[in-house]
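I have placed the structure first, in the form of structure tokens, so that the comments after it can refer back to it.
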Amino acid sequence: MRGSPSRILWEGLFYNAECFFLKKMNLFPIQEIFNTFVMEKELIPAFTVVFLEDAVRFLENMEPKARARVYYNIRKAQCINDPELFKKLNEHIWEFRTLYQGKAYRLFAFRHRQDATETVVVTTHGILKKTQRTPPKEIRKAEEMRKQYLKIR
């Protein structure tokens with residue numbers, strides 16, 4: 001099945017996935033800016049981010065500068081509680097939000113507790129939002145991917 005949660009491409013600290021894409025796209029200055037921001041504020045990421053296959057495919061098909069902005073916002077959302085960056089849509093589904101050059105990028109996700117101390121946010125898929133409302137079918141898709149992911153865990 002395409003996009004199956006069993007096909008997790010990157011797992012672990014979000015930094016590893018970010019470095020892979022930034023290195024591939026030669027966009028390390030954005031990472032350096034964010035790392036400086038984190039160090040100045042002495043912020044510690046509140047959760048780890050994992051990307052499922054559909055989310056990776058969405059990110060790979062984005063323009064490099066837009067992708068870098070999405071990564072920057074995800075890193076920032078890991079450290080700062082800001083609903084403009086990471087918003088709860090329903091009981092289980094969240095979205096990473098990025099507005100770049102007038103385009104609204106959304107990465108759907110859900111939280112999964114690994115153990116009592118570690119929370120993992122699993123990104124399911126992404127969309128380029130065209131209307132004010134988040135399409136209900138995209139939320140349903142994220143919920144279905146969540147159910148599949150939890151079955152195999």
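The numbered conditions (1) of a type outside the set (Asp, Glu); (2) assigned to a strand (DSSP E or B); (3) surrounded by 13 or more Cβ atoms within 10 Å (Cβ to Cβ) are all true for Leu128 except (3).
Only one entry of Glu18, Glu32 meets the criterion of being surrounded by fewer than 18 Cβ atoms within 10 Å (Cβ to Cβ) and either modelled with pLDDT under 55 or outside any loop (DSSP other than H, G, I, E, B) (or both), and that entry is Glu32.
Yes or no: Ala77 of a type in the set (A, V, I, L, M), farther than 18 Å from Ala46 by Cβ and either crowded, with 20+ Cβ neighbours inside 10 Å or at pLDDT below 90 (or both)? Criteria not met by Ala77. Tell me yes or no: at least one residue of segment 106-129 is basic (Lys, Arg) and over 22 Å from Arg75 (Cβ atoms). No: segment 106-129 contains no residue that is basic (Lys, Arg) and over 22 Å from Arg75 (Cβ atoms).
Test Ile93 against the criterion of being hydrophobic (A, V, I, L, M, F, W, C) and either within 22 Å of Thr119 (Cα to Cα) or at pLDDT below 50 (or both), and give yes or no. When the stated conditions are applied, Ile93 passes them.
Yes/no matrix, rows are residues, columns are (1) under 26 Å from Arg153 (Cβ atoms); (2) hydrophobic (A, V, I, L, M, F, W, C); (3) assigned to a strand (DSSP E or B):
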| position | (1), (2), (3) |
| --- | --- |
| Ala77 | yes, yes, no |
| Pro83 | no, no, no |
| Glu91 | yes, no, no |
| Val120 | yes, yes, yes |
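List the number of the failed condition for Ile139; all other conditions in (1) assigned to a strand (DSSP E or B); (2) among the hydrophobic types (A, V, I, L, M, F, W, C); (3) more than 18 Å from Pro45 (Cβ to Cβ) hold. Unmet condition: (1).
Entry remark, segment 70-95: residues being out of contact with any strand residue (DSSP E or B) (no Cβ under 6 Å at 6 or more places or on another chain), among the basic types (Lys, Arg) and within 18 Å of His125 (Cα to Cα) number 1 in total. Residues in segment 75-107 that are touching a residue at least 40 places away in the same chain (Cβ under 8 Å) and of a type in the set (Phe, Trp, Tyr): Tyr105 only.
The values are calculated or read from the model by the stated rules, or taken from the named source; none is laboratory data. Not measured: the values here are computed from a predicted model. Every residue, glycine as well, gets a Cβ built from its backbone with ideal geometry; the counts of neighbours run over all protein chains shown.
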